[in-house]
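Here is the structure we will look at, set down as C-alpha cells.
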Amino acid sequence: MVNFRTDIGATNPHASKDNESYGDNLETDVLIVGAGFGGIYLMHKLRQLGFKCKIYEAGKELGGIWHWNCYPGARVDTQVPIYEYSIPEVWKDWTWSEKYPGFAELRKYFEHVDKKLNIKKDVAFETRVVGAQFDKPSSKWVIKTEDGRTARARYLLLATGFAAKRHFPDWMGMDKFKGEIHHSSFWPDAGVDVKGKRVAVVGTGSTGVQIAQETAKEAGSVTVFQRTPNLALPMRQTKLTRDEQLNRKPDYPSIYKNRMTTFAGFQYDFVQRNTFDDSPSEREAFYTTLYENGGFEYWLANYKDLLFDAEANAQAYEFWARKTRARITDPRKRDILAPEKAPHAFGTKRPSLEQNYYEMLDKHENDVVDIKATPIVEVTETGIKTSDGKVREFDVIALATGFDSVTGGMKNMGLKDIDGVELAEKWKSGTWSYLGMTCAGYPNMFFLYGAQGPTAFSNGPSCVECQGDWIVDTMKKLKDQNIKYIDTSREAEESWRQKVTELSDKTLFPGTSSWYMGANVPGKPREQLNYAGGIPLYEKECREVLDNDFQGFITA
C-alpha cells in the first residue's frame, strides 16, 4: 500500500470570499511562489516599500520545507539563533526549547512569524503553479494554477527552495507492497505506528539518518539501505532556557551581522591556516575540539584547505573514521558505515548531524545493507529484494531517496520564456542563470535559494536574506528609475555559469557524485549547481552589478 501525502484537499481552511488572494484574474504588483523562509522575507520587505504582493503556496500552511517535513526525527541542522530571521520584531520575543529545533517547534515559529508580520492575509494556500509566461504587450507575467485560476503580476518571484521536487526510485513492484510505503516528504501528519514493526529506511542523507535513529527507539527492527556512507557528525543537542536566550538578545544584531561575513553564513568560519601548518599533535587537538563542539564546526570551522587539498582532506577523514569506528562494535557494520578508506572527500557531501545513529544501527536487531554492492531490484508484497536474490521482509518502508535538488522545483512549474520555450527544456543539458537569481528570457523574474547561488553551501536564512535584500533593492531601484522591464543577457548567463564552474573546479567538490553536482537523479546533467565562493564574495559580486547600472541586464 503506497501512501503519498499530497496536502491538496477539497476544503481550504484559509479560503474565504473576503480573501482576494484566491480570486480568479488576480492582479498584483508582485506574485511570490512559495511561503517558506524566502517567500515570507520577500513579502515583508517589499510590503515596506509599498509593493502589493501575493503568495501562492502549494501547502496548507506557512513554513515551506517545515510544513512538509514531519517524518520521525525531522529537525534543522543549524543551531539557533543562526537559523532564524534577523528581523527584530520576530526575534525579540521568541525563544526556543533546544539548540537544534524539531519540525513541530519550527512550525510554531512560523505561526509566531505570521502574528508579527501578518503574512497569511496575502497568501493563497493549496495553490500550485502549473504555468507562467511573461506577456510582452502588457509587460506582465500571466500565471496559471492547477485549479484553473489566472493571476497577472509585474514581477514574478520564485521562492520554491532547493528541495521542492521529490525524487522517487523506479523499482518494480512498489504498488504490490502490502505494508506501508512513505516518502519522507509525504509523511502522514498523524505519524506512522512503527512500534514493534520491521522498518526499512532507504537512503542515508540527513533524512535517512534522522528517520533511522528516531524509529529505532520504538521499532522492532530498523534496516538501512545505504548506497554511500553518510560522514555524519555529532549534533551535540542541548536544551535551552528562556532566560539564557533573553540575556543574549542584545547581542543578536551583531550575531546576524557577523553571520553574513562567514563563508557559509554560520557563526563560525574556516581558520586561516592550512592543515600541515600544524604538527600532528596540534592537528589532533584542533580536530578534537571541533568534533567535541559538535554541529558543523568540524566541516565549516576546519582548516582553510579542507575542501581544496586532497592530502589535507585525507587527514580530516582519517580522524572522522577513527572516531566513528570506535562507536561501532560490529565489524561488518563498521566497514559499511565508516570505511577505513574514504568513499569520497570529506565535506563534499553535506554531512548529517546525528545524535546516536551509529549506536542505534550497531544494535543486533538493526541492520545496514550496502546497496552499492547488492542493489535493490524490486519491492515484493512482503519486502525488498536485492540483486543477490535475498528478500528482506518489512512492515513499513521509508523512502529517504531525496529530491531533484536545486533545479527540480523551477523546472516543474511550467515556466516559459518570452519565446514559449519551457525552462525544463532550456535546462535539459545544463543550468544557466545570472547571479543565481535571474534567467535570460524571463523578464522581471527573480528567484532565490536555487541554482547557482550559495544555496546548499550555506545556512538557509543567511542565503535568503543575502539574496532577498538584493532582489528587493533591485526592484526599488527599478521603481525609482521608472524601469518597467529588466532581463538578463545571454552573455551574462554564460559568464556566470563559467564563474560557478571555475570556483567549483578549484575545490574537491567535482570529484564526488552528489546532489550538489546533480548526480543523484538519473539523466540529470552533472554540473556544479551551487556557488562555491562563499557568501561574502557572492554578495560583493552581486552588489557590484547593481552599483554599475544593472551590468549584464537589458532594461527598458
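The values are calculated or read from the model by the stated rules, or taken from the named source; none is laboratory data. Just so you know, these numbers come straight off a predicted model, no measurement behind them. Because the Cβ atoms are built from the backbone with ideal geometry, glycine has one as well, and the counts that use them run over all protein chains shown.
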Selection count, the range 469-507, where residues are within 30 Å of Phe308 (Cβ to Cβ), surrounded by 14 or more Cβ atoms within 10 Å (Cβ to Cβ) and among the polar types (S, T, N, Q): 3
Residue, nearest to the chain's Cα centre (by Cα), within the range 298-311, restricted to residues that are assigned to a helix (DSSP H, G or I) and surrounded by fewer than 21 Cβ atoms within 10 Å (Cβ to Cβ): Ala310
Selection status of Val142, in contact with a helix residue (DSSP H, G or I) (Cβ under 6 Å, 6 or more places away or on another chain) and either more than 27 Å from Asp473 (Cα to Cα) or not aromatic (Phe, Trp, Tyr) (or both): no
Selection count, the range 201-228, where residues are closer than 9 Å to Ala400 by Cα and part of a strand (DSSP E or B): 2
Tally of residues being in a loop (DSSP other than H, G, I, E, B) and either of a type in the set (Lys, Arg) or in contact (Cβ under 8 Å) with a residue 12 or more places away in the chain (or both) across the range 179-191: 5
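Okay, residues lined up against (1) assigned to a loop (DSSP other than H, G, I, E, B); (2) polar (S, T, N, Q); (3) modelled with pLDDT of 95 or more; (4) under 30 Å from Val130 (Cα atoms):
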| position | (1), (2), (3), (4) |
| --- | --- |
| Leu156 | no, no, yes, yes |
| Gly161 | yes, no, no, yes |
| Ala164 | yes, no, no, yes |
| Asp193 | yes, no, yes, no |
Considering residues of the range 87-127 that are in a helix (DSSP H, G or I) and among the basic types (Lys, Arg) only, the residue surrounded by the most Cβ atoms within 10 Å (Cβ to Cβ): Lys120
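Given the structure, is Asp419 assigned by TED's automatic domain parsing to the domain that holds Glu214, acidic (Asp, Glu) and more than 26 Å from the chain's Cα centre (by Cα)?
Details: assigned by TED's automatic domain parsing to the domain that holds Glu214: no; acidic (Asp, Glu): yes; more than 26 Å from the chain's Cα centre (by Cα): yes.
Judged against the criteria, Asp419 is not a match.
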Number of positions in the range 322-331 that are surrounded by fewer than 20 Cβ atoms within 10 Å (Cβ to Cβ) and assigned to a helix (DSSP H, G or I): 4
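Strands (runs of 3 or more DSSP E) wholly in the range 332-405 with at least 3 residues that are under 12 Å from Phe225 (Cα atoms) and in contact with a helix residue (DSSP H, G or I) (Cβ under 9 Å, 6 or more places away or on another chain) - which ones?
So the answer is 367-370.
One line per residue, one yes/no per condition, for (1) surrounded by fewer than 24 Cβ atoms within 10 Å (Cβ to Cβ); (2) of a type in the set (Phe, Trp, Tyr):
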{"residue": "Arg152", "(1), (2)": "yes, no"}
{"residue": "Phe186", "(1), (2)": "yes, yes"}
{"residue": "Arg198", "(1), (2)": "yes, no"}
{"residue": "Val202", "(1), (2)": "no, no"}
{"residue": "Val224", "(1), (2)": "no, no"}
Every residue from the range 234-258 that is in a strand (DSSP E or B) and among the basic types (Lys, Arg): Lys239
Lone qualifier among Gly73, Gly50, Gly64 - being within 30 Å of Lys479 (Cα to Cα), assigned by TED's automatic domain parsing to the domain that holds Leu157 and either touching a residue at least 12 places away in the same chain (Cβ under 8 Å) or of a type in the set (D, E, K, R) (or both): Gly64
Odd one out for Leu231 among (1) over 24 Å from Glu340 (Cα atoms); (2) aliphatic (A, V, I, L, M); (3) assigned to a loop (DSSP other than H, G, I, E, B): (1)
Cβ-Cβ under 9 Å pairs, at least 6 apart or on other chains, the range 24-45 side on the phi > 0 side of the Ramachandran plot, far side at pLDDT 95 or above and among the polar types (S, T, N, Q): Asn25/Thr150
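Quick one: which of Val391, Val379 is at pLDDT 95 or above and either in contact with a strand residue (DSSP E or B) (Cβ under 6 Å, 6 or more places away or on another chain) or surrounded by fewer than 22 Cβ atoms within 10 Å (Cβ to Cβ) (or both)?
Values: Val379 fails: either in contact with a strand residue (DSSP E or B) (Cβ under 6 Å, 6 or more places away or on another chain) or surrounded by fewer than 22 Cβ atoms within 10 Å (Cβ to Cβ) (or both).
Of Val391, Val379, the one residue that is at pLDDT 95 or above and either in contact with a strand residue (DSSP E or B) (Cβ under 6 Å, 6 or more places away or on another chain) or surrounded by fewer than 22 Cβ atoms within 10 Å (Cβ to Cβ) (or both) is Val391.
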Selected residue (criterion: farthest from Trp320 (Cα to Cα)) from residues of the range 204-232 that are over 18 Å from the mean Cα position of the chain (by Cα) and at pLDDT below 95: Arg227
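Yes or no, residue by residue, for (1) at pLDDT below 95; (2) surrounded by fewer than 23 Cβ atoms within 10 Å (Cβ to Cβ); (3) in contact with a Ser or Thr (Cβ under 6 Å, 6 or more places away or on another chain):
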position: Arg5; (1), (2), (3): yes, yes, no
position: Asp18; (1), (2), (3): yes, yes, no
position: Leu26; (1), (2), (3): no, yes, no
position: Phe37; (1), (2), (3): no, no, no
position: Leu46; (1), (2), (3): no, yes, no
position: Tyr56; (1), (2), (3): no, no, yes
position: Tyr85; (1), (2), (3): no, yes, no
